Amino acid sequence: MLNLTGKNALVTGIANNRSIAWGIAQQLHQAGANIGITYLPDEKGRMEKKVAELVEPLNPSLFLPCDVQNEAQIQSTFETIAEKWGKLDILIHCLAFAKKDDLSGDFSKTTREGFNLALEISAYSLIQLSGAAKPLMTEGGSIVTLTYLGGVKVIPNYNVMGIAKAALEMNVRYLAAELGPQNIRVNAISAGPIRTLASSAVGGILDMIHHVEEVAPLRRTVTQTEVGNAAAFLCSDLSSGITGQVLYVDAGYEIMG
Ligand code: 0WD
């Protein structure tokens, strides 16, 4: 049975009730995990308030600001985990960012600044967070990140984020190779398109969703809960032999020609 009792799980990337990370946090909680949440802080504290209200039913034992562009905040997050939890078992990396201008139009117009920003937040951050998690995963662990088919195939308008996802998927393999001897597994879920704040920045996302509904074997898109269930599996002992993989949770769309 899928049981995460006694596991400490840090979930990043909850912005609102549509966030994939919210679907994941709920399923980890339901499986019995002790939950810690990080949020992206803003100057007026709006995000903190909004996310705090949303996650209250999960009774998180840690609730911390963590902007992955801020080294000090990352360090402080993991210092708090060391102090309050002692060990970490599960890390959910569920965040990405690119400027809206870089998510439509000509890919060749991507600026150096836009490229660096997208790659830093969406791909480098997995290296940073995994590096910080490594010494705390003293009983082994599971790291799960979120990727998209646009990192493997050209999807209209996904542009620079496709490059970031390609880098992210390769990060998964290199991290899995390094951390495997410590029984830390690293995997990605490649989710089908879901309407969220982040995906609404991608030009033509609704067309893509309709296309998936017509073409995918299951003739529909997937839900945050379905992604959450797959994440819970990847975080549990049921997947103990799986690392360095990209698991498609996309109603089968990826296999279609
Ligand atoms: O169709 C989709 N929605 C898919 C999303 C299909 C396949 C994959 N994904 C991926 C995304 O690329 C991302 O990696 O899933 C992950 C989660 O995205 P989401 O749930 O679609 O989007 P959202 O609810 O917006 O959560 C992403 C969050 C940010 O939200 P906003 O919209 O405020 O940028 O990532 C967080 C933030 O909470 N985030 C950061 N967290 C820490 N530091 C940072 C940062 N610098 N920047 C963004």
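Just a few scattered comments:
- Residues satisfying the criterion are absent from the range 99-117 (criterion: modelled with pLDDT of 95 or more, in contact with a strand residue (DSSP E or B) (Cβ under 6 Å, 6 or more places away or on another chain) and either within 24 Å of Asp237 (Cα to Cα) or surrounded by fewer than 22 Cβ atoms within 10 Å (Cβ to Cβ) (or both)).
- Near pairs, Cβ below 6 angstrom, 6+ apart or cross-chain, from the range 88-111 (farther than 30 Å from Asn183 by Cα) to any residue that is open to solvent by 10 Å² or more (accessible area, probe 1.4 Å) and away from the ligand (no atom under 16 Å from the Cβ): Asp102/Thr110
- If you go through the range 186-199 and pick out every residue that is more than 8 Å from the ligand (Cβ to nearest atom) and either open to solvent by 20 Å² or more (accessible area, probe 1.4 Å) or small (Gly, Ala, Ser) (or both), you end up with 1.
- Subset of the range 217-252 (residues that are of a type in the set (S, T, N, Q) and either open to solvent by 20 Å² or more (accessible area, probe 1.4 Å) or within 13 Å of the ligand (Cβ to nearest atom) (or both)): Thr221, Thr223, Gln224, Thr225, Asn229, Ser240, Thr243, Gln245
- In the range 200-216, the residues that are of a type in the set (A, V, I, L, M), over 14 Å from Leu149 (Cα atoms) and more than 8 Å from the ligand (Cβ to nearest atom): Leu206, Val215
- Selection within the range 1-22 - within 13 Å of the ligand (Cβ to nearest atom) and under 18 Å from Ser61 (Cα atoms): Leu10, Val11, Thr12, Gly13, Ile14, Ala21, Trp22
- Verdict on Leu146 being at pLDDT below 95, open to solvent by 10 Å² or more (accessible area, probe 1.4 Å) and either assigned to a loop (DSSP other than H, G, I, E, B) or touching a strand residue (DSSP E or B) at 6+ places or on another chain (Cβ under 8 Å) (or both): no
The values are calculated or read from the model by the stated rules, or taken from the named source; none is laboratory data. The structure presented is a predicted model; accordingly, all values stated were derived computationally and were not measured. Please note: Cβ atoms are built from the backbone with ideal geometry, for glycine as well, and neighbour counts cover all protein chains shown. Remember, those area values only see protein heavy atoms, side chains included, never the ligands or the DNA or RNA. Shrake-Rupley method; radii C 1.70, N 1.55, O 1.52, S 1.80 Å.
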